[in-house]
1. Rounded, prolate or oblate: which fits the chain when a ≥ b ≥ c are the square roots of the eigenvalues of the alpha-carbon gyration tensor, with rounded for a/c under 1.5 and prolate only if a/b beats b/c?
2. Karplus couplings for the range 39-52 from phi (6.51 cos²θ - 1.76 cosθ + 1.60, θ = phi - 60°), rounded to Hz, Gly and Pro as x?
3. Hey, what's the chain come to in accessible area per residue, 1.4 Å probe, Å²?
4. ³J(HN,Hα) across the range 57-66 via Karplus (A = 6.51, B = -1.76, C = 1.60, θ = phi - 60°), whole Hz, x for Gly/Pro?
5. Using a Förster radius of 35 Å, what is the FRET efficiency between residue 58 and residue 27 based on their Cβ-Cβ separation? Nearest 0.05, please.
6. Normalized C-alpha radius of gyration of the range 1-43, against 2.2 N^0.38 Å?
7. What are the ³J(HN,Hα) couplings of the range 14-22, residue after residue, when phi is run through the Karplus curve with 6.51, -1.76, 1.60 and θ = phi - 60°? Round to Hz, x for glycine and proline.
8. Over the chain, what percent of the accessible surface lies on carbon and sulfur atoms, probe 1.4 Å?
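The values are calculated or read from the model by the stated rules, or taken from the named source; none is laboratory data. All values reported here derive from a predicted model rather than from experimental measurement. So basically every Cβ, Gly included, is an ideal-geometry build from the backbone, and we count neighbours across all protein chains shown. For accessibility, only protein heavy atoms count, side chains too; no ligands or nucleic acids. Shrake-Rupley method; radii C 1.70, N 1.55, O 1.52, S 1.80 Å.
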Amino acid sequence: MKIAITLILYAIAYLWGWTKLRGKGRRLQRLWFGCILGYCAYINLCGITRTPHVSLSLLYTAFFQPVGRAIIYWLGG
């Protein structure tokens, strides 16, 4: 039931945003809006079902954190 309500609310938000992005040259903005809202729905549904998901923090923990540790070690810290 929680998933259905979440999807309905995201669909309402998508339709509301779609109507606000009117005019010439808004096709790319509508595409980006749909992608961002879809990613937000994905993260939200993964949180509800407690499944692993891909996020920006994965990039930080996989790349930047080890590089930072290597630099600190290299500097003698």
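1. oblate
2. Computed from phi, the couplings for the range 39-52 are 5, 5, 5, 4, 5, 5, 5, 5, x, 5, 8, 6, 9, x Hz.
3. Solvent-accessible surface per residue comes out at 87 Å².
4. Couplings: 5, 5, 4, 5, 6, 7, 10, 5, 5, x Hz.
5. With R0 = 35 Å, the Cβ-Cβ based efficiency is 0.70.
6. Normalised by 2.2 N^0.38 Å, the Cα Rg of the range 1-43 equals 1.24.
7. My calculation for the range 14-22 gives 5, 5, 5, x, 4, 6, 6, 8, 9 Hz in order.
8. 72
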